[in-house]
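Worksheet: the structure to be examined is printed underneath.
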Amino acid sequence: MRLSDFYDRHPISEAGILAALARRRGGDAGPITADDLFELDQDHYGGLAAVDALARRAAITAASRVLDLCAGLAGPARFLATRRGCRVVALELHAGRAAGAHRLTRRVGLDRRVRVVRGDARALAFRAGSFDACLSQEGLLHIDDKATVLADCH
């Protein structure tokens, strides 16, 4: 199975998140905030505590420019933008997940703080010095040459 096929059928998806939220509310998801999504949009081990720990270790502040590598649906990016006040570029390879990340981000009004970019972590297209911090979680497990990607991030 190709990786893209896996993510086309992944159980954590934009539609799944919105459906779960609507079920919790007894019907339509209606207007939502980033906080409404946080229990549902963290597609990685450790949940919000892990994102917060990474943010502390990276000393992310409101002035930080952050790259979220292999961002998936951009749950961590939205969390960083709301809790730290920083600006985040959420880089995601999979077209469907990048589109879902963009729609969810826009729906909660964070599209001025979180910019979703479709791209390959193995071929970063950003100028040196564009970011103060680079975070990634489970997405790196899909990259065979982690050392090169991490060196490029540095």
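The values are calculated or read from the model by the stated rules, or taken from the named source; none is laboratory data. No experiment lies behind these values; they were computed from the predicted model shown. Note: ideal-geometry Cβ built from the backbone for every residue, glycine included; neighbour counts use all protein chains shown. Protein only, heavy atoms only, side chains kept; ligands, DNA and RNA dropped before computing areas. Shrake-Rupley method; radii C 1.70, N 1.55, O 1.52, S 1.80 Å.
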Q) If you check Ala71 against the conditions, is it crowded, with 17+ Cβ neighbours inside 10 Å and aliphatic (A, V, I, L, M)? A) yes
Q | Single residue of His44, His94, His102 found to be at pLDDT 95 or above and open to solvent by 10 Å² or more (accessible area, probe 1.4 Å) | A | His102
Q: Write out, first by first residue and then by second, each pair whose Cβ atoms fall under 9 Å of each other, whose residues are 6+ apart or on separate chains, and whose first residue, in segment 58-72, is at pLDDT below 95 while the second is open to solvent by 70 Å² or more (accessible area, probe 1.4 Å) and assigned to a loop (DSSP other than H, G, I, E, B).
A: Cys70/Leu93
(Q) Given the options Arg56, Arg115, Arg97, Arg106, name the one that is in contact with a Gly (Cβ under 9 Å, 6 or more places away or on another chain) and outside any loop (DSSP other than H, G, I, E, B). (A) Arg97
(Q) If I go through segment 125-142 residue by residue, how many of them are crowded, with 18+ Cβ neighbours inside 10 Å and in a loop (DSSP other than H, G, I, E, B)? (A) 2
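Regarding Gly26, is this residue farther than 21 Å from Val116 by Cβ, open to solvent by less than 60 Å² (accessible area, probe 1.4 Å) and at pLDDT below 90?
When the stated conditions are applied, Gly26 does not pass them.
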**Q.** Selection within segment 55-68 - under 16 Å from His154 (Cβ atoms), out of contact with any Lys or Arg (no Cβ under 7 Å at 6 or more places or on another chain) and surrounded by fewer than 18 Cβ atoms within 10 Å (Cβ to Cβ)
**A.** Arg57, Ala58, Ala59
Q) Hey, any hits in segment 99-110 for a residue that's under 13 Å from the mean Cα position of the chain (by Cα), farther than 17 Å from Leu135 by Cβ and small (Gly, Ala, Ser)? A) yes
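Kindly establish whether Asp36 is in a helix (DSSP H, G or I) and either touching a Ser or Thr at 6+ places or on another chain (Cβ under 6 Å) or open to solvent by 10 Å² or more (accessible area, probe 1.4 Å) (or both).
Numbers: in a helix (DSSP H, G or I): yes; either touching a Ser or Thr at 6+ places or on another chain (Cβ under 6 Å) or open to solvent by 10 Å² or more (accessible area, probe 1.4 Å) (or both): yes.
Yes; evaluated as a whole, the condition is true for this residue.
Within segment 68-82, is there a residue that is closer than 28 Å to Ala15 by Cβ, part of a helix (DSSP H, G or I), basic (Lys, Arg) and in contact with a Pro (Cβ under 9 Å, 6 or more places away or on another chain)?
no
Mind listing just one residue for me: the one in segment 12-23 that is aliphatic (A, V, I, L, M) and either open to solvent by less than 40 Å² (accessible area, probe 1.4 Å) or in contact with an Asp or Glu (Cβ under 7 Å, 6 or more places away or on another chain) (or both) and, of those, farthest from Ser136 (Cα to Cα)? Talk me through it step by step, then tell me what you get.
Looking only at segment 12-23, we keep the residues that are aliphatic (A, V, I, L, M), and these are 12, 15, 17-22.
Still in the running and either open to solvent by less than 40 Å² (accessible area, probe 1.4 Å) or in contact with an Asp or Glu (Cβ under 7 Å, 6 or more places away or on another chain) (or both): 12, 17-18, 20-22.
Working: Ile12: 17, Ile17: 21, Leu18: 24, Ala20: 25, Leu21: 26, Ala22: 29 Å.
Only one residue fits best here, namely Ala22.
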**Q.** Conditions (1) under 16 Å from Phe38 (Cα atoms); (2) open to solvent by 20 Å² or more (accessible area, probe 1.4 Å); (3) touching a Lys or Arg at 6+ places or on another chain (Cβ under 6 Å); number of the one not met by Ala81
**A.** (2)
